[in-house]
Amino acid sequence: MGGRDLDMSDMITPEPPTVDEVRCMEALSPADLEILGHRMQMIALEANEVLMRMSGSPAGLAGDIGSCVYTAEGDPAAAAVGIWGHAFAGQLPIKYILKHYADDPSVGIHDGDAFFCNEALFGGIHPPDMGTFMPIFHEGRLIAWAESMVHATDTGAIEMGGIAMNAKTRYDEGLKMAPMKLAENFMIKGDVATMMENMVRDQASLALDNKARLAACMRIRQRVLEVAEKKGADAVVGCLRRMIEEGARVARERVAALNDGTYRQPVFMNLERPESQGGGEQLVRIMLSIRKKGDRITADFSGTSPEAESPLNLYSHVIHPFGTGYVCCSHLFPDLPPSLGLTEIVDLVVEPGSMVCPGEEAAVGACPATAFAASQAIFCCIARMMFDSDLRENLVSTYPYMTLYAVWGGLDRKGNYFVSFGADINAGGFPARSDMDGVDTAGFNVATRSDCGEVEDADIIQGMSYLFRRQGTDNFGHGMYRGGAGIEFAYLAHKSMMTVLACVGGCGKFSSAPGIFGGYSVPPLIGVKVQGSNILDMFERGDENLPTSIEEVLRSRDVLGGTCRVSSPMLEMAGLDEGDFFATLQGGGAGYGDAIEREPEAVARDVEAGLVSGWAARNVYKLVYDPETFIVDEAATGELRLAAREERKRRGRPYEEFALEWDAKRPEGVGLDYYGSWPDCM
Amino acid sequence: MMGATIDVDIGGTFTDCFVVWNDRYGKGKAPTTHYQASVGFKNAIVAAAESFGSSLEDLLADTDLIRYSTTIATNTLIEKTGPRLGLITTAGFEDVMLIGRGRQWADGLTPAEIRNQARAKKPEPLIPRNMIVGVRERIDFDGDVMVPLDRDQVLEKLQYLVNKGAMGFVVSLLWACMNPEHEREIRDIINEEYPDTYLGNMPIILSSDVSRKRGEYLRTTTCILDAYLHRDLAGQLTSLNEELLDDGYDKPLMIIHGTGGMSRLSHTAAVDTYNSGPVAGLLGGTEISRIYETPNVLITDVGGTSFDFGVITGGKAGFYDMFPTIERWRVQTPLLEVKTIGAGGGSIARVPETGSRITVGPQSAGSMPGPACYGLGGKEPTVTDADLVLGYIDPGYYLGGKKKLDPRKATRAIREKIADPLGIDVLEAAMSIKRVVDSTMGYEIFKEVVLKGYDPRDFVLLAYGGAGATHCCGFADALEVEKILTFPYSSVFCAFGGSVMDILSVYESTAPYAFYDHLTDSYFCEFEDFNHSVEEMLHLAFRDLKGQGLDVDQAVFTLELEMRYGTQHFTEYVESPRGLLASEDDSREICERFTEKYKSLYGESAAYPEGGIEVLSQRLKALYPVPHHEFPTYEPAGADPAAALKGTRGVCWDGLGLSDTRIYDAALLRCGNEVPGPAIIETDDTTCVLPEGWRYTLDRYLNGAIERVSEVK
């Protein structure tokens, strides 16, 4: 079993307070708790700032990082993000270290040690999410842990960039380290660092990240010890545990106040086989039933497709940091101090052998996409629960799950080797709300501090240029309130000595975000790769057909010449020559409510801004307007909408009849290799 | 002898004035008049003139220099009163401003607001999408033309913008910072096609004129803000110039910049004026640093709703926010860093749902209804209410007796909202509010100081603002500083800060240079492009200095370099030992300085020269010193403060409980008087709270020096 602990999934909830913690908690006054709690929060923020500034990976800029102060038992108590998932994901590795290494004389846990882990089987997320964990001792007593995590540019997998879409098993995914000492006596162990750097392509970034993570942990340690010296170690211990206990208590109270009920939501993903494996789209399903009873929420993923021969498999513990943790911290309880306590209300149920509880050989490199899909299902269910309980202000539709992740590398114009990933991952749209549209190009769904960077930065720092970069048209869910638009762009090979590009994408056949309450889902995404075209000549002569959007690329195919491959955004690693480009888009947010209830003026404004096409205005929103002035013809719009309602009524039929007709549309013979049995994935 | 100098800070609520005349100081205060800033401006000077027993005309007649900071630019942004502008950019990149790096929705928000992602909203764009056009052209990162500019298309797009009612144009093209050729061509086309008679005073602003830094979003934002704010700012300030001229003042009128310097109006971009008041306060701190020969100073300004703080090291205010946020807009103009958090006298205390803690701020009761004790309808307990209940503030002598406070209302608010829910008594609740707000302020400063690589214990704290002296010993405990300075002109400190400023301009240029290659163990030595770029910035600096009638030989120039290791995205600035580089030793020295700075920030083992060292941009500062008044000094008149004793009252102290405490009148204290804590020292605009373990001394500059005499608890 290679040291695996099969009971690890039981460690995901907060540990019960120890006798010592109870004693320390009771000694805290209300002012002390606020002052120390604030101090712990500031410590996490300071460490995260150190991490961001020192990191050698684009994740530092993109906000794909997190830092956290943990209790001595390994529960996250005060987090700074980045990504909630990165701040909370240390608990299983830390608990593993405590359980298996504390009394192991060949390892042990000592002051000055720092452990590294990026292995999902040992509580990590996916290989590029690399975490460092440092115990904090005060006068020989373990009083807390420090954690820092950064998404790395490469893991030495069979494809560069950290997420190998061709990976069939874990053995294709490169560097995967179970908890291991990275540092002793506050110094990185040269032999371990060399081993790690030797296993990846982008050695400089990893070296910088190792230093950054350690520095962030040491900063947490230094500050926590200063507090312990001044206020006493008991105050630290009591404060950390009480932050979790209080969060859990208030979360339970709030959940208890919601209406009981069962809410169900399937999320379908189209899993695309790489061309080198024969290609083809495969349908899989994440199925969620949320049962809310009293002060508990049970998230039951029974009915999810079986484990796939794909890196999209997901170990269920990842659902907590990326799914329930995110929903709780950002949407259900955004006003409560973020700690593990907020997620304590959720119990997970998964079926062994399913995509969300695969076997130990599974590839998991792209698991965040599946975690996001699971979180979409959670969002949909929670939205209905909040609507039902009249808590509509923080209710949202869904974020796109398939965040597009482009990786490139090669030799820059000076001949330097580079590996990087596109900050465009942070340019998705946010979902529609119950009372307003989603935010356009607002970021990466689980990251509250993400940044999609600038074209000129990408040109010079990331070694890849853009042909165009704009907000997309109709790439979000329409609705009474529409989802925010995502970004549309084309990467262009320009003046590099060698460029290879890959894109981890999906949703070429299926929506990346379902709408709610009649709102539209986000349309499937597209990728267009153009090679050997005339574009260099077109640049030189300032050709009026130079494309500035994906639509124009497709319309200019004849003028452009060369080869033009139109597919999903999934792109296997391949070389690009000067002038070759790959155009794709980042999905927007899903819609809320019936599109024909949208304020007509708002639709006209979106058409003028290029966010909604004339086609969608007419056919989805049933809008009549002057295409020159964008003035709405209210009477004609009213008539068209009335006619649409009548047409809907005519299409109405009894459920059994509908179900028969729908079932007849089942895919026959293709696309169900990984689905499980139709329709229930059994 | 120098004539008088007048320094004015036009704030959001008050316009403050600080005057030095014949080695005497005077201050004046008047409400800010948003409809016409010059009215409040002159009223404040009149008030200051009266403190000398003089008139506006007499004071102006003997004045050599007027400097001022202003928030007019901020008001234009809040009230959205700027002109309708058109933006011309590179085709295919029209949405740069709307994409806003994805994170635009979070810029300018507090961490709590950012966390509430479900309510996220982007700010309304200053230029709507239908006023943004793209023209076919492209320049690449080397400055090479990839796609030539299409003149016919420019004309077509211009006509569209004019038809849509454009009152000015912002031209911001990709990589114009490397090659401004296309932007200049567009300006020429606009000037040819729409001469002055047609466009009048419509501004045409090129991004390459505003900033030569990489990053099209931030460059364009900077440019748009400049164009958007220009009209209101220029209008108000020009009329101010004219009115002062009518009043007989024809000498220099300088505007203070957030960059830490000042210029005439003609050499001021609108965004330069942002946050200039607090920055003037920071610069005032450098003067305190100089005369006290204490290189490290923390400036703190505790007001009604916010707490501003800044860091001075080595006697200089050298920490810049490279991409400051102006309201909701991040820009590329480096401004001296003065941080603000929502904590002040009006901050509201509450017991959150968790039920066993007390939070204070960031919500504020503001000035209306204000704290409960104001008796204007406020029901929420605030920091000022707690200060009143604890006995720190005399309800009959708040602001020198100008405002009467109602202690019963303060007590009731604290009892109902804090004490009863927690099951504690009112005094304990009030003390908890004070402890929480003091620690909040202290820890915020702590984080910023340590992230700059310094130990807060090595600093002297300078406290000003209405509640600065009331809470300084409290947040000094969180920082463990040993000494605090308070200032008799505390309430006009930002205006005072203007009086110590010099003329300063900052120029920047983007281009990457590999300064150290680990593989070959070699340092940068191809200096031609590097030096050429420095010379270009020097040329601009000479032009600007001469344009203001200044002698270039008197100016002091420094070159700072933006540096990083290997693949890092974040950078640090290092001062270059010389402007023009001549040998590999220069490059080595610069790399060593970078490594030293990096180690001091992040630890000995953090440095990583193995990843290579790069310079990404250059920043040239041109400083032109102007003469300043010297603080007069006084002879000590003995340590005994008895002559200033007003009486005693019951005051609650942390650890001591309620105890009869001596109250002193600051106006009656004499140089050298020492007041041991616990004590209260009252002035007509603030109250100094001196806990046990601290001692207050009126020093030879007649500033209040508060020193710790026993260890931090």
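Remarks
- Count of the range B:545-571 residues, restricted to those that are assigned to a loop (DSSP other than H, G, I, E, B) and either within 14 Å of another protein chain (Cβ to nearest Cβ) or farther than 30 Å from B:Cys591 by Cα (or both), is 10.
- Single residue of the range A:392-408 satisfying the filter (buried (at least 18 other Cβ atoms within 10 Å of the Cβ) and within 11 Å of chain B (Cβ to nearest Cβ)) that is nearest to A:Ala493 (Cα to Cα): A:Tyr399
- Qualifying residue in the range B:442-461 (condition: closer than 28 Å to B:Phe14 by Cα, open to solvent by 10 Å² or more (accessible area, probe 1.4 Å) and either in contact with a Cys (Cβ under 7 Å, 6 or more places away or on another chain) or in a helix (DSSP H, G or I) (or both)): yes
- B:Arg212 being within 14 Å of another protein chain (Cβ to nearest Cβ) and open to solvent by 40 Å² or more (accessible area, probe 1.4 Å): yes
- With respect to (1) in contact with a Lys or Arg (Cβ under 7 Å, 6 or more places away or on another chain); (2) within 14 Å of chain A (Cβ to nearest Cβ); (3) touching a residue at least 24 places away in the same chain (Cβ under 8 Å), the lone exception for B:Met97 is condition (1).
- The listed residue being more than 12 Å from chain B (Cβ to nearest Cβ) and either open to solvent by 40 Å² or more (accessible area, probe 1.4 Å) or within 21 Å of the chain's Cα centre (by Cα) (or both), out of A:Ala157, A:Ala146, A:Ala178, A:Ala152: A:Ala157
- Within the option set A:Met385, A:Met355, being more than 25 Å from A:Ile125 (Cα to Cα), of a type in the set (A, V, I, L, M, F, W, C) and either in contact with a helix residue (DSSP H, G or I) (Cβ under 6 Å, 6 or more places away or on another chain) or touching a residue at least 60 places away in the same chain (Cβ under 8 Å) (or both) holds for one residue only, A:Met385.
- Residue in the range B:538-554 that is small (Gly, Ala, Ser), within 20 Å of B:Glu584 (Cβ to Cβ) and outside the structural domain of B:Asn179 (by TED's automatic domain parsing) present: no
- Selection within the range A:477-493 - part of a loop (DSSP other than H, G, I, E, B) and either closer than 18 Å to A:Val419 by Cβ or basic (Lys, Arg) (or both): A:Arg482, A:Ala493
- Of all residues in the range B:562-581, those being out of contact with any Phe, Trp or Tyr (no Cβ under 7 Å at 6 or more places or on another chain), under 24 Å from B:Ala622 (Cα atoms) and not polar (S, T, N, Q) number 5.
- Residues of the range A:539-588 classified as more than 31 Å from the chain's Cα centre (by Cα), within 14 Å of chain B (Cβ to nearest Cβ) and not polar (S, T, N, Q), total: 9
- For the range B:470-485, the count of residues that are small (Gly, Ala, Ser), under 22 Å from B:Glu337 (Cα atoms) and either within 14 Å of chain A (Cβ to nearest Cβ) or open to solvent by less than 10 Å² (accessible area, probe 1.4 Å) (or both) is at least one.
- Just so you know, in the range A:19-35 the residues that are more than 9 Å from chain B (Cβ to nearest Cβ) and in a helix (DSSP H, G or I) include one that is surrounded by the fewest Cβ atoms within 10 Å (Cβ to Cβ), and it is A:Val19.
Yes/no matrix, rows are residues, columns are (1) at pLDDT below 90; (2) more than 30 Å from A:Glu608 (Cα to Cα); (3) of a type in the set (Lys, Arg):
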site	(1), (2), (3)
B:Asp9	no, yes, no
B:Thr13	yes, yes, no
B:Trp21	no, yes, no
B:Lys29	yes, yes, yes
B:Thr32	yes, yes, no
B:Arg101	no, no, yes
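- Residue that is nearest to the other protein chains (Cβ to nearest Cβ), among those in the range A:313-335 that are in a loop (DSSP other than H, G, I, E, B) and open to solvent by 10 Å² or more (accessible area, probe 1.4 Å): A:Pro334
- Enumerated helices (runs of 4 or more DSSP H) restricted to the range A:181-257, each holding at least 1 residues that are on the phi > 0 side of the Ramachandran plot: none
- Of the residues making up the range B:135-187, those that are away from chain A (no Cβ under 12 Å) and of a type in the set (A, V, I, L, M, F, W, C) are B:Leu155, B:Leu158, B:Leu161, B:Val162, B:Ala166, B:Met167, B:Phe169, B:Val170, B:Val171, B:Ile186.
- Out of A:Cys503, A:Cys507, A:Cys452, sole residue that is under 21 Å from A:Leu571 (Cβ atoms), at the interface with another protein chain (Cβ under 8 Å from one of its Cβ atoms) and under 23 Å from the mean Cα position of the chain (by Cα): A:Cys452
- Pairs, first farther than 23 Å from A:Ala616 by Cα in the range A:637-663, second open to solvent by 100 Å² or more (accessible area, probe 1.4 Å) and of a type in the set (Gly, Ala, Ser), C-beta under 8 Å, six or more apart: none
- Some residue of the range B:413-424 being open to solvent by 30 Å² or more (accessible area, probe 1.4 Å), small (Gly, Ala, Ser) and in a loop (DSSP other than H, G, I, E, B): yes
- Scanning the range A:436-450 for residues that are at pLDDT below 95 and surrounded by fewer than 24 Cβ atoms within 10 Å (Cβ to Cβ) gives a single hit, A:Arg449.
- Residue match in the range B:61-79 (condition: more than 10 Å from chain A (Cβ to nearest Cβ), within 22 Å of the chain's Cα centre (by Cα), open to solvent by 20 Å² or more (accessible area, probe 1.4 Å) and among the charged types (D, E, K, R)): yes
- The strands (runs of 3 or more DSSP E) located wholly in the range B:632-713 that include 1 or more residues which are open to solvent by 40 Å² or more (accessible area, probe 1.4 Å) and hydrophobic (A, V, I, L, M, F, W, C) occupy B:645-653, B:657-665.
- Unique residue being under 23 Å from B:Gly342 (Cβ atoms) and surrounded by fewer than 24 Cβ atoms within 10 Å (Cβ to Cβ) when the list is B:Thr313, B:Thr305, B:Thr300: B:Thr305
- Flag for A:Glu344 being at pLDDT below 90 and of a type in the set (Asp, Glu): yes
- Looking only at the range B:344-365, and only at residues there that are more than 11 Å from chain A (Cβ to nearest Cβ) and part of a loop (DSSP other than H, G, I, E, B), the one that is nearest to A:Glu454 (Cα to Cα): B:Gly344
- Verdict on B:Gly281 being open to solvent by less than 20 Å² (accessible area, probe 1.4 Å) and on the phi > 0 side of the Ramachandran plot: no
- Filter result for A:Asp347 (open to solvent by 30 Å² or more (accessible area, probe 1.4 Å), closer than 25 Å to A:Ile244 by Cβ and more than 10 Å from chain B (Cβ to nearest Cβ)): yes
The values are calculated or read from the model by the stated rules, or taken from the named source; none is laboratory data. Keep in mind it's a predicted model, so treat the numbers as computed, not measured. All Cβ positions, even for glycine, are placed from backbone atoms using ideal geometry, and neighbour counts span all protein chains on display. Ligands, DNA and RNA are stripped out before the accessible areas are found, and what is left, the full protein with its side chains, is counted by its heavy atoms. Shrake-Rupley method; radii C 1.70, N 1.55, O 1.52, S 1.80 Å.
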